[in-house]
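Asks: One structure is given below, represented as structure tokens, and several questions about it will come after.
The values are calculated or read from the model by the stated rules, or taken from the named source; none is laboratory data. Not measured: the values here are computed from a predicted model. Using ideal geometry, Cβ is built from the backbone for each residue, glycine included, and neighbour counts are taken over all protein chains shown.
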Amino acid sequence: MKGLELIKKAFALNPVERVPWVPFVGVHGGFITGVDAEAYLKSADKVVAGVSKAIEEYNPDGVPVVFDLQIEAEILGCQLQWAPHNPPAVVSHPLEEGVKLSDLNVPEITDGRIPVAVNAAKELRAKYPDIALYGLITGPFTLALHLLGTDIFTKLFESPDEITEVMEFCTKVGNKMAKYLIDAGCDIIAVVDPMTSQIDPMTFETFVTPYVSEIFDTVRNADKLSSFFVCGHAQQNIEAMCNCKPDNVSIDENIPIDFVKDIALKKGISFGGNMKLTVVLLMGNEDDCREEAVECLDLGGKTGFILAPGCDLPMDTPPENLKAVTEIVHDDYKQEVIRTLDKKESTIEVLNMKDYGQSDKVIVDIITLNSESCAPCQYMVEAVKQVAPQFEGIVEWREHAIKKMDAVTFMSSLMVKNIPTICIDGKIAFVSQIPPKSELIAAIQKRINKKLKLKIKSKRSELLILGENENENNELKKIIERATTELGKDVEVKIISDKAQMASFGVVNGPAVVSVKYKLKSESEIPSLEVVKEWIKEL
Amino acid sequence: MQKIPFHIISGFLGSGKTTFLKRIIDQYSGEKKIGIIQNEFAPANIDGVELQKSGKDFNLLEINNGSVFCVCLLGDFVHSLEKFIDEYRPDNIIIEASGLSDTTSISEVISAGRLAEKIYLASNWCIIDAQNFAKVGPMKQRVSHQIRMADVIVVNKTDLVGNEMETIKNEVRKANPFAEIKETTYCDIDFELGNRAINKFYFSDVKTMASPEINSMVIKNGRKMSRKALQQFLNEWAPKAYRIKGFVNLTKGKTAAVQCTFDSIKIVEMENDFRPTELVAISTEFTLREWNRSFKAYC
């Protein structure tokens, strides 16, 4: 199903096959195209390039056009401080500095950086008709704070009428911005109002609800979808947010997603979030991101949930981390693997597998989730099953289904991270992809050849002549020497004439011959049980 | 390199943070190299100038963004802080976190990645303005999270309130049953820097810590645990930690406030306040990865 369709389905609270994924790419789009935050947010072309790159790399179902809560504020006279790795900061507040509210005008579509957002939206719409485009606008309360500064918090109580007027104005701005973005082709208008996390529900209902609700009505009347983004500790306001009747609420890591889920679903609203931005997506590795994604997916469920970061992605979030999330979203089996490993990993004892796979036979291990229930695992096992007999007993294969603890141990010991994986003699050979028959045969053959080479190099043999009669022994020795000469083999010949020693070989009467083959199996270390077992099997 | 102790001083605008900072600088500058971080979301830059006018020796990192308010902007904070540490190598770092800051997120980022190799969370102070706090409602909403995760709560400007003190203290206790509460005027209280702070808060009657390899770590997630599993989890980890504290959401819908030092485990059940589980540990014995894995296994 196409991204936009999938998101619409999730917004409508219909169960989905796969949870939609919306990476909030803001200035991160600049990072992946080599542009700093300021240049990026000032150019529609650069935004289009950045978002296009993000779409290519992260295969999302929806993306924001720009994530910039300073566009409106800048036009209304707030000064911005630009930074290379961050969206700009609002550093002055006109209403605090004596500007009158009546002097402020609702921005026109050509004002300030609105054309950046609008033109980028138009171009992205044409380029990606099937991906949900989020048009972000600054929520009225946050815009009011930009205009008033932190005075707003005292004025809420000391001069509520003034706040009401400012909120009315900010709502007009919001309605207009929503309209510009809808006309440019956005599917979803996200009202981003992080500052509402700073107030209690009563204040929220008085100073936010009527205004934000009006913007959501505007969006609804235009037959588009809406979302209410908040970040920070806004748990006290979630219900009030839902009562404003957006189609979706989106939160960050400061609120447990299942808490929001319970409230939102009761109110018939979809919800999204809340992958950890800094500690996981920015500072973590791919494994951390996979685990985090699965955790969110499990808590969110498949009805009404949109997987997204908690907020605007930090600019230099490693792209591999986001790709890891994409991979998890699109692959049920990988999710299952993470779930299974997550439960078991804390108690794992890792085996020393350095010497694994030194038996005569080539050992093919297939690490699976469970070949009965996991299709890729099943195909991988089938592939090996078909190929193995062609080697006429030289190749032995085993499946390790990680539903069992010892298989998890085995997997970790071989440093296998993905499921399914084929290891040949303990070395990872094929990861996730089922190899074509020819490639699998070639890989096994390569290993056989290598082993053969090693074997030839390391072989040392002896022939023991056991007997008490010296003449007989010498005669036998001559025959053996003639044979080794004719075969061109390097074999040492030893004579044992001590009766007790002969008896230890089970020989009572000579002459007898015992052939001995030596092979170095390990050196300066104690091999693991698993490894010794492999050696013993070949005896 | 020995890890640098990192202290958080939070509290809403006007509560007395800058006054407190000035006192700390007065007390320690010359003796210790102090690094101060201020975010200027509020007009704190004015305070920054004021601090510098004092002529005392300290290094100041100003965050241009109100960054420490929202997790979206913490990434940049991480870079600036790293650079600041490498440049000045302070003996101690104190962050003046505005009323909008989320102190748990700050604790979490300084305890992760490369920063965790350089610094650790030594103490978390929250200053409240007695007069404003007594005015109920909206103010509390904003600082409640800071109060919840603080080690010490300084109730400042007590001279401006009368018999409301008991009510204030009860309110504070309700949010954070374990914090030490200090009452004062003009922030006239002693502040313990560095390891001394750790000794003081984490094991006042145990000998000074020898190992420099202290890790602070934060678990923050939406998981829930049964009361019994929580007890078992803490039984396993408390003996290995100088301190574990925070809040864990329980499966039955309540929240448990937790405080452990080596040999004591305290759990107080509270009404669920619908925030994530947030646990902070300070230890030389284990890493966040191990602790987090184990936490998940108990859930």
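Asks: Identify the residue in region B:193-235 that is in a loop (DSSP other than H, G, I, E, B) and modelled with pLDDT of 80 or more and, among all such residues, is nearest to the other protein chains (Cβ to nearest Cβ). Break it down into steps so the answer makes sense when it comes.
Replies: Of the residues in region B:193-235, the ones in a loop (DSSP other than H, G, I, E, B) are B:193, B:203-214, B:222-224, B:226.
Now narrow it down to the ones that are modelled with pLDDT of 80 or more: B:214, B:222-224, B:226.
Values: B:Ile214: 19, B:Gly222: 3, B:Arg223: 8, B:Lys224: 9, B:Ser226: 16 Å.
Ranking the candidates gives B:Gly222 first.
Asks: Hey, can you tell me all the residues within region B:246-273 that are polar (S, T, N, Q) and away from every other protein chain (no Cβ under 14 Å)?
Replies: Step one: filter region B:246-273 for residues polar (S, T, N, Q), giving B:249, B:251, B:255, B:259, B:261, B:264, B:272.
Across region B:246-273, the qualifying residues are B:Gln259, B:Thr261, B:Ser264.
Asks: If we keep just the residues of region A:191-216 that are under 35 Å from the mean Cα position of the chain (by Cα) and within 14 Å of another protein chain (Cβ to nearest Cβ), which is modelled with the lowest pLDDT?
Replies: Within region A:191-216, the match that is modelled with the lowest pLDDT is A:Gln198.
Asks: Out of A:Leu6, A:Leu13, report the one residue that is modelled with pLDDT of 95 or more and assigned to a loop (DSSP other than H, G, I, E, B). Even if it seems obvious, please write down each step before you answer.
Replies: On the way: A:Leu6 fails: assigned to a loop (DSSP other than H, G, I, E, B).
From the options A:Leu6, A:Leu13, the qualifying one is A:Leu13.
Asks: Which residue is farthest from the other protein chains (Cβ to nearest Cβ), if the candidates are limited to region A:241-259 and must be assigned to a helix (DSSP H, G or I) and either modelled with pLDDT under 95 or surrounded by fewer than 19 Cβ atoms within 10 Å (Cβ to Cβ) (or both)?
Replies: Looking at residues that are assigned to a helix (DSSP H, G or I) and either modelled with pLDDT under 95 or surrounded by fewer than 19 Cβ atoms within 10 Å (Cβ to Cβ) (or both), I get A:Asn243.
Asks: Then there's this: If you take the residues of region B:83-98 that are more than 13 Å from the chain's Cα centre (by Cα) and assigned to a loop (DSSP other than H, G, I, E, B), which of them is farthest from the other protein chains (Cβ to nearest Cβ)? Quick ask: steps written out before the conclusion?
Replies: At the first step, the residues of region B:83-98 found to be more than 13 Å from the chain's Cα centre (by Cα) are B:83-92.
After this cut, where a residue has to be assigned to a loop (DSSP other than H, G, I, E, B) as well, the list is B:89-91.
Working: B:Arg89: 22, B:Pro90: 22, B:Asp91: 25 Å.
Residue satisfying both the conditions and the ranking: B:Asp91.
Asks: Please determine, by comparing only the residues of region A:496-539 that are out of contact with any strand residue (DSSP E or B) (no Cβ under 7 Å at 6 or more places or on another chain) and of a type in the set (Ser, Thr, Tyr), which one is surrounded by the fewest Cβ atoms within 10 Å (Cβ to Cβ).
Replies: Filtering region A:496-539 for residues out of contact with any strand residue (DSSP E or B) (no Cβ under 7 Å at 6 or more places or on another chain) gives A:497-501, A:503-504, A:506, A:508-509, A:519-539.
Those still in the list that are of a type in the set (Ser, Thr, Tyr) too: A:497, A:504, A:522, A:524, A:528.
Details: A:Ser497: 15, A:Ser504: 10, A:Ser522: 14, A:Ser524: 4, A:Ser528: 18.
Only one residue tops the list, namely A:Ser524.
Asks: Oh, and also: I need the full set of residues from region A:274-292 which are touching a strand residue (DSSP E or B) at 6+ places or on another chain (Cβ under 6 Å) and outside any helix (DSSP H, G or I), in order please.
Replies: A:Met275
Asks: Continuing with the same structure: Go through region A:260-273 and give me each residue that's in contact with a Ser or Thr (Cβ under 8 Å, 6 or more places away or on another chain) and either at pLDDT below 95 or not in a helix (DSSP H, G or I) (or both).
Replies: We begin by selecting, within region A:260-273, every residue in contact with a Ser or Thr (Cβ under 8 Å, 6 or more places away or on another chain); these are A:264-265, A:271-273.
Those that are in contact with a Ser or Thr (Cβ under 8 Å, 6 or more places away or on another chain) and either at pLDDT below 95 or not in a helix (DSSP H, G or I) (or both): A:Phe271, A:Gly272, A:Gly273.
Asks: Let me ask something else. Can you tell me which residue in region A:436-472 is nearest to A:Asn509 (Cα to Cα), limited to those that are assigned to a strand (DSSP E or B) and charged (D, E, K, R)?
Replies: Kept after step one, since they are assigned to a strand (DSSP E or B), are these residues of region A:436-472: A:460-466.
Applying the additional criterion that residues be charged (D, E, K, R) yields A:460, A:462.
On the way: A:Arg460: 27, A:Glu462: 20 Å.
The residue in question is A:Glu462.
Asks: Checking A:Gln433 against (1) closer than 30 Å to A:Ala401 by Cβ; (2) in contact (Cβ under 8 Å) with a residue 12 or more places away in the chain; (3) not in a helix (DSSP H, G or I), which test does it fail?
Replies: That leaves (2) as the condition not met.
Asks: Go over the candidates B:Ser54, B:Ser29, B:Ser10 one by one and state the one that is of a type in the set (Ser, Thr, Tyr) and at pLDDT 85 or above.
Replies: Details: B:Ser54 fails: at pLDDT 85 or above; B:Ser29 fails: at pLDDT 85 or above.
Just a single option satisfies the conditions, and that option is B:Ser10.
Asks: Let me ask something else. Of all residues in region A:496-522, which are under 30 Å from A:Lys451 (Cα atoms) and part of a strand (DSSP E or B)? Show your work before the answer.
Replies: To start, the set of residues in region A:496-522 that are under 30 Å from A:Lys451 (Cα atoms) comprises A:513-522.
A:Val513, A:Val514, A:Ser515, A:Val516, A:Lys517, A:Tyr518, listed by residue number.
Asks: Restrict the check to region A:217-228 and report whether at least one residue is part of a loop (DSSP other than H, G, I, E, B), touching a Lys or Arg at 6+ places or on another chain (Cβ under 8 Å) and of a type in the set (A, V, I, L, M). Step through it out loud before you land on a result.
Replies: Keep residues of region A:217-228 that are part of a loop (DSSP other than H, G, I, E, B), which gives A:222-224.
Retained after the next criterion (residues that are touching a Lys or Arg at 6+ places or on another chain (Cβ under 8 Å)): A:222.
So of that shortlist, the ones also of a type in the set (A, V, I, L, M) come out as A:222.
Yes, the conditions are met somewhere in region A:217-228.
Asks: Which residue, of A:Gly272, A:Gly268, A:Gly284, is surrounded by fewer than 24 Cβ atoms within 10 Å (Cβ to Cβ) and more than 9 Å from chain B (Cβ to nearest Cβ)?
Replies: On the way: A:Gly272 fails: surrounded by fewer than 24 Cβ atoms within 10 Å (Cβ to Cβ); A:Gly284 fails: more than 9 Å from chain B (Cβ to nearest Cβ).
Residue meeting the stated conditions: A:Gly268.
Asks: Restricted to region A:293-327, and to residues that are facing chain B (nearest Cβ under 9 Å) and part of a helix (DSSP H, G or I), which residue is surrounded by the most Cβ atoms within 10 Å (Cβ to Cβ)?
Replies: Restricting to residues being facing chain B (nearest Cβ under 9 Å) and part of a helix (DSSP H, G or I), the top hit is A:Cys296.
Asks: With the requirement that a residue be without any contact (Cβ under 8 Å) to a residue 12 or more places away in the chain and under 34 Å from the mean Cα position of the chain (by Cα), what does region A:104-120 give you? Give the derivation first.
Replies: First, pick out the residues of region A:104-120 that are without any contact (Cβ under 8 Å) to a residue 12 or more places away in the chain: A:105, A:108, A:110.
Once the filter is applied, which keeps residues that are without any contact (Cβ under 8 Å) to a residue 12 or more places away in the chain and under 34 Å from the mean Cα position of the chain (by Cα), region A:104-120 yields nothing.
Asks: Give region B:274-299 a look and list any residue that's surrounded by fewer than 21 Cβ atoms within 10 Å (Cβ to Cβ), touching a strand residue (DSSP E or B) at 6+ places or on another chain (Cβ under 6 Å) and facing chain A (nearest Cβ under 9 Å), or say none.
Replies: none
Asks: Which ones in region A:464-485 are modelled with pLDDT of 85 or more, surrounded by fewer than 16 Cβ atoms within 10 Å (Cβ to Cβ) and β-branched (Val, Ile, Thr)?
Replies: A:Ile479, A:Ile480
Asks: Now, a different point. Would you pick out the residues in region A:486-495 that are more than 60 Å from the chain's Cα centre (by Cα) and either aliphatic (A, V, I, L, M) or surrounded by 10 or more Cβ atoms within 10 Å (Cβ to Cβ) (or both)? Let's see the steps before the verdict.
Replies: Filtering region A:486-495 down to residues more than 60 Å from the chain's Cα centre (by Cα) leaves A:486, A:493-495.
Scanning region A:486-495 gives A:Val493, A:Lys494, A:Ile495.
The rows are residues; the columns are (1) part of a helix (DSSP H, G or I); (2) more than 20 Å from A:Val531 (Cβ to Cβ); (3) in contact (Cβ under 8 Å) with a residue 24 or more places away in the chain; (4) among the hydrophobic types (A, V, I, L, M, F, W, C).
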site: A:Pro376; (1), (2), (3), (4): yes, yes, yes, no
site: A:Met380; (1), (2), (3), (4): yes, yes, yes, yes
site: A:Val384; (1), (2), (3), (4): yes, yes, yes, yes
site: A:Pro389; (1), (2), (3), (4): yes, yes, no, no
site: A:Glu396; (1), (2), (3), (4): no, no, yes, no
site: A:Asp406; (1), (2), (3), (4): yes, no, no, no
site: A:Thr409; (1), (2), (3), (4): yes, no, yes, no
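Asks: For region B:1-35: of the residues being charged (D, E, K, R) and farther than 17 Å from B:Val155 by Cβ, which is nearest to the other protein chains (Cβ to nearest Cβ)? Walk me through it before giving the result.
Replies: Kept after step one, since they are charged (D, E, K, R), are these residues of region B:1-35: B:3, B:17, B:22-23, B:26, B:31-33.
From what's left, farther than 17 Å from B:Val155 by Cβ: B:3, B:22, B:26, B:31-33.
Numbers: B:Lys3: 18, B:Lys22: 21, B:Asp26: 27, B:Glu31: 34, B:Lys32: 29, B:Lys33: 27 Å.
Here the answer is B:Lys3.
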